[in-house]
Structures are given as structure tokens and as C-alpha cells.
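These notes are about the structure you will find just below.
The values are calculated or read from the model by the stated rules, or taken from the named source; none is laboratory data. A quick note: this is a predicted structure, and the numbers were derived from the prediction, not measured. Note: ideal-geometry Cβ built from the backbone for every residue, glycine included; neighbour counts use all protein chains shown.
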Amino acid sequence: MTFSRRDEILNSGRATNQKMRTREALITAALELARNGHPPSIAEVAEAAKVSTATAYRYFPNPQSLWSDMATRQAGFAGGFPDLLRDLPEDVEDRIERVVRECCAFQFADEVVWRGVLRATLDRWFSQVDVAEAERVPVRGVTRLEMARIALAPLRETLSAERFERLVNAVVLVFGVEALVSTRDTSGLDPEAATETMSWAARALVRAAIAESKA
């Protein structure tokens, strides 16, 4: 390999790494502003990240694109969810309660950001409203479904496959960011009361499913 070619490759790699660092710095700055209760503009994020506004706009042409990447960053929680599900109790009610409480603790600690996650999800849905449903890109991941399935797994031996999936789908309604918004905004609960309510609802659904299977 010639020196000029090697330098070209090295410079290309450095440029790519620099772009990644700039992007991460912008997202980190946006998250910090959001956590302080301030929905950030692109210009404010650029100032906080110590880059030019023009540079910030090259990475994020509008606030929606920024919130979308903030949502992706926060969903890094999803990548760590196997740790959350390690060493779960044997009792199914206790298992789902632990998952709900851990999820609540994580999301209430970053409530502003998680509301932004929800907003980004809605923006992605609206951006595809004129696209045929079969061609739409999924607006949400399946992390919460998988968390519920793992927590409720012992009931696979008790419930039919149809009833098990119905229970999973019911449980995901009572925790996560949508439940956070409902308990906070509709019911007016503080985080502690909201967590207790979500936990109670999840346990109640498990008990109802078990009772129904025995009827």
C-alpha cells in the first residue's frame, strides 16, 4: 500500500470518527437540556455541544429528527433489559412486578426524555400516514413485549398459547411510557403512586388470567 493511499484511509477513518463524536455530543447535549425541563431547539443544542448551528443542522435538520435520535439513545435501555430480567423471582406476580417497577424507576428518572420518545414515535407514525400499512416502517420496537413474555414465561405451562399472548398484550398496556402519561396526566398521580398503580394492575391481570384458566 502506498503512503498516499494509507493516509487517505487513515484520514477517512478519522473523519468518520469525528462525525460520530459530533453526533453523540449533540445528542448528549440535547438529553441534558431535556432533563433540565427545557425542550431544546437545534440552535440551543449546538451551543451546548460547542459546535456551530450550521453543523448541528447538517446532522439534525429539524427538532423531530433530533428527538428521534434521542429516543433511539434512550432505548439503549432496551439493550440492557436482559440484566433487568436476570434472577427474577419464581412467583409470576412478583416477576412482573419487578419488571414494572424497574421500568417505572428508569422512565420516571428521565420523564421529560421519555415523553420525547413518545413524541418521536407519534411523529414517525404521522410521517407515514399516507403510506400503505403493509409498507410502513415500524414506529416502535418490541422490547416491552419481550420483557413481559419473559416475566410471564412460567405461565406458558398453565395458559393456552392464545390466552398467554392475550395476557402479554394486556400487561404491556399498564406499564411503559404510555402508562406513564396516563397515570400522570389523566389520573394526576405522582411517580410513586403511578408506580404502585401500574404494579397493582399488572398483578391483577396475572391473577385474572390464572383464575380464568381454572374456571
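Looking at the stretch 27-44, which of its residues are under 17 Å from residue 123 (Cβ atoms) and at pLDDT 85 or above?
Step one: of the stretch 27-44, the residues under 17 Å from residue 123 (Cβ atoms) are 27, 30, 34, 39-42.
Hits for the stretch 27-44 are 27, 30, 41, 42.
Would you confirm, using the coordinates I've provided, whether residue 158 is modelled with pLDDT under 95 and in the same structural domain as residue 113 (by the TED database)?
On the way: modelled with pLDDT under 95: yes; in the same structural domain as residue 113 (by the TED database): yes.
Considered against the rule, which asks whether it is modelled with pLDDT under 95 and in the same structural domain as residue 113 (by the TED database), residue 158 comes out as yes.
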Close pairs (6 angstrom Cβ cut-off, 6 or more residues apart or separate chains): surrounded by 12 or more Cβ atoms within 10 Å (Cβ to Cβ) in the stretch 191-215, outside any helix (DSSP H, G or I) anywhere: 198/174; 198/175; 201/174; 202/174; 213/158; 213/159
Residue among 174, 181 that is closer than 18 Å to residue 95 by Cα and modelled with pLDDT of 95 or more: 174
Residues that are crowded, with 18+ Cβ neighbours inside 10 Å and not in a helix (DSSP H, G or I), drawn from the stretch 137-158: 152
Within the stretch 169-178, considering residues that are part of a helix (DSSP H, G or I) and under 18 Å from the mean Cα position of the chain (by Cα), the one surrounded by the most Cβ atoms within 10 Å (Cβ to Cβ): 171
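From the list 126, 108, which one is assigned by the TED database to the domain that holds residue 203, part of a helix (DSSP H, G or I), surrounded by fewer than 16 Cβ atoms within 10 Å (Cβ to Cβ) and modelled with pLDDT of 85 or more? Please lay out each step first, then the result.
On the way: 108 fails: surrounded by fewer than 16 Cβ atoms within 10 Å (Cβ to Cβ).
Just one listed residue meets the conditions, 126.
Would you be able to tell me the number of residues in the stretch 22-69 that are of a type in the set (Val, Ile, Thr) and under 24 Å from the mean Cα position of the chain (by Cα)?
Initial filter on the stretch 22-69 (of a type in the set (Val, Ile, Thr)): 22, 27-28, 42, 45, 51, 53, 55.
Filter once more, keeping what is under 24 Å from the mean Cα position of the chain (by Cα): 22, 27-28, 42, 45.
Residues that pass the stated criteria total 5.
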Selection count where residues are of a type in the set (Val, Ile, Thr), modelled with pLDDT of 75 or more, farther than 30 Å from residue 157 by Cα and not in a loop (DSSP other than H, G, I, E, B), scope the stretch 49-105: 2
